[in-house]
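Report on the following structure.
The values are calculated or read from the model by the stated rules, or taken from the named source; none is laboratory data. Predicted model, so just to flag it, every value in this text is computed and none were measured. So basically every Cβ, Gly included, is an ideal-geometry build from the backbone, and we count neighbours across all protein chains shown.
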Amino acid sequence: MKAIVAADRNWAIGRGGDQLVYLSEDLKRFKALTMGHTVILGRRTLATFPGGRPLKGRRNLVLSRDPEFRPEGAEVCGDVESLLKTAEEDAFVIGGGSVYAALLPWCDTVYATRIDAAFPGADTWFPDLDADGAWERTEESVMYRDEIEAYVPQSPQEEGDRRMILEYIRRFPADILTRDNAIAHITSSGFVVNADASRVLMAHHNIYRVWAWTGGHADGDGDLLAVALREAREETGVEHIRPLSEKIAAVDILPVWGHVKRGKWVPSHQHLNVSYLLVADDRDPLEVRAEENSRVGWLPAEKLLEYTNEWQMDGVYTKLLERARRLLGKD
Ligand SMILES: NC(=O)c1ccc[n+]([C@@H]2O[C@H](COP(=O)([O-])OP(=O)(O)OC[C@H]3O[C@@H](n4cnc5c(N)ncnc54)[C@H](OP(=O)(O)O)[C@@H]3O)[C@@H](O)[C@H]2O)c1
């Protein structure tokens with residue numbers, strides 16, 4: 001059997017009867033790996049699913065000592081012995097803590113998503129495989145790196161920048177997602193358009209004193225789409241910003257000049273930037289975030305470059321506008 005788990009730095013997996021965090025990339029991976037297979041879970045984990053219902057497209061084997069427990073659409077096993085008799089060799093153990101602990105001795109593979117954070121208040125753990133000499137790491141993939149690797153460059157600029165971004169990630173795996181890396185770090189931006197891409201949502205930046213797209217530092221968060229969405233919402237006050245596509249829309253290395261931030265000198269460095277295309281309703285209320293920008297507004301797409309007036313960004317905004325229009329069938 002195999003186990004599949006999402007655990008934090010300390011192998012914590014749950015808090016207050018629920019997951020620590022729901023990561024869209026991880027949920028996709030979970031679905032792709034387990035679909036069509038048998039999943040093995042504890043009664044308490046079943047209770048965390050929407051409506052307490054079993055997972056679709058998979059045979060659900062639930063462990064419970066309660067003989068009265070008969071959830072619809074799932075089979076119940078009263079102990080590990082009876083479970084092992086019925087579970088297939090390619091079944092997935094999907095949690096929670098007590099079921100992982102009980103069945104790990106029968107697993108030959110663990111698909112572990114490690115979240116680079118330590119969640120306070122966690123109360124359920126997966127066995128610490130780093131400390132267990134019987135387990136070895138055979139393959140490692142990093143989700144944000146996989147996403148950038150999967151991106152098909154659309155120009156020589158993107159081909160070169162994507163290659164360099166992957167090289168930075170290879171050289172600085174420990175801190176490329178954080179500002180601790182003073183040479184380069186990953187940032188994520190959102191290019192927000194309205195329903196027909198005739199207007200683009202931008203904020204007038206305090207430091208650079210220009211109209212600019214939204215976005216910011218990953219600061220350790222490898223879910224780069226979530227970073228872009230969060231920054232777009234925070235910088236504009238627009239609540240309902242959605243992805244036009246969940247895929248990366250562009251990659252760019254953006255050099256940053258040295259500058260003073262909160263009284264401290266920040267030396268010149270590189271932003272290894274991925275962009276996402278986002279969409280919002282241009283009638284929704286806007287809100288200025290005084291510590292970052294002085295104005296927020298929907299700029300006319302036709303005159304975008306006149307407003308932004310930053311030659312280094314012309315190519316970036318132009319390609320993103322074209323790609324948004326293409327996705328919306330407006331090109
Ligand atoms: N991060 C992840 O990947 C992940 C995955 C799954 C779950 N979780 C989290 O883990 C937590 C739940 O874990 P948990 O340990 O509290 O509960 P659990 O393992 O999901 O379920 C525990 C229940 O399973 C039954 N059970 C367990 N071992 C058994 C055995 N040997 N024989 C018969 N029945 C057995 C018992 O049910 P009865 O009480 O009915 O007898 C027990 O109360 C939640 O916070 C959840 O969100 C995290």
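Restricting region 40-65 to residues that are within 8 Å of the ligand (Cβ to nearest atom) and part of a loop (DSSP other than H, G, I, E, B) leaves a set whose member that is farthest from the chain's Cα centre (by Cα) is Arg65. Selection of region 113-145 for residues being among the acidic types (Asp, Glu) and either in the same structural domain as Glu246 (by TED's automatic domain parsing) or over 10 Å from Gly222 (Cβ atoms) (or both) yields Asp123, Asp128, Asp130, Asp132, Glu136, Glu139, Glu140.
The residues of region 66-83 that are within 11 Å of the ligand (Cβ to nearest atom) and within 18 Å of Ala102 (Cβ to Cβ), listed by number, are Asp66, Phe69, Val76, Cys77, Gly78, Asp79, Val80, Glu81, Ser82, Leu83. Considering every residue within region 22-29, establish whether at least one is assigned by TED's automatic domain parsing to the domain that holds Arg58, within 11 Å of the ligand (Cβ to nearest atom), in a loop (DSSP other than H, G, I, E, B) and at pLDDT below 95. Yes, region 22-29 contains a residue that is assigned by TED's automatic domain parsing to the domain that holds Arg58, within 11 Å of the ligand (Cβ to nearest atom), in a loop (DSSP other than H, G, I, E, B) and at pLDDT below 95. With respect to (1) within 30 Å of Tyr168 (Cα to Cα); (2) loosely packed, with under 12 Cβ neighbours inside 10 Å, the lone exception for His240 is condition (1). Does Asp281 count as surrounded by fewer than 20 Cβ atoms within 10 Å (Cβ to Cβ), within 26 Å of the chain's Cα centre (by Cα) and in a loop (DSSP other than H, G, I, E, B)? Answer is yes for this residue.
Select from region 97-120 the residues that are at pLDDT below 95 and not in a strand (DSSP E or B) and write down the one among them that is nearest to the ligand (Cβ to nearest atom). Working first, answer last.
Keep residues of region 97-120 that are at pLDDT below 95, which gives 113-120.
So of that shortlist, the ones also not in a strand (DSSP E or B) come out as 116-120.
Numbers: Asp116: 14, Ala117: 13, Ala118: 14, Phe119: 10, Pro120: 15 Å.
Ranking the qualifying residues of region 97-120, first place goes to Phe119.
Met35 satisfies every condition listed in (1) within 28 Å of Asp223 (Cβ to Cβ); (2) more than 9 Å from the ligand (Cβ to nearest atom); (3) modelled with pLDDT of 95 or more; (4) buried (at least 18 other Cβ atoms within 10 Å of the Cβ) except (4).
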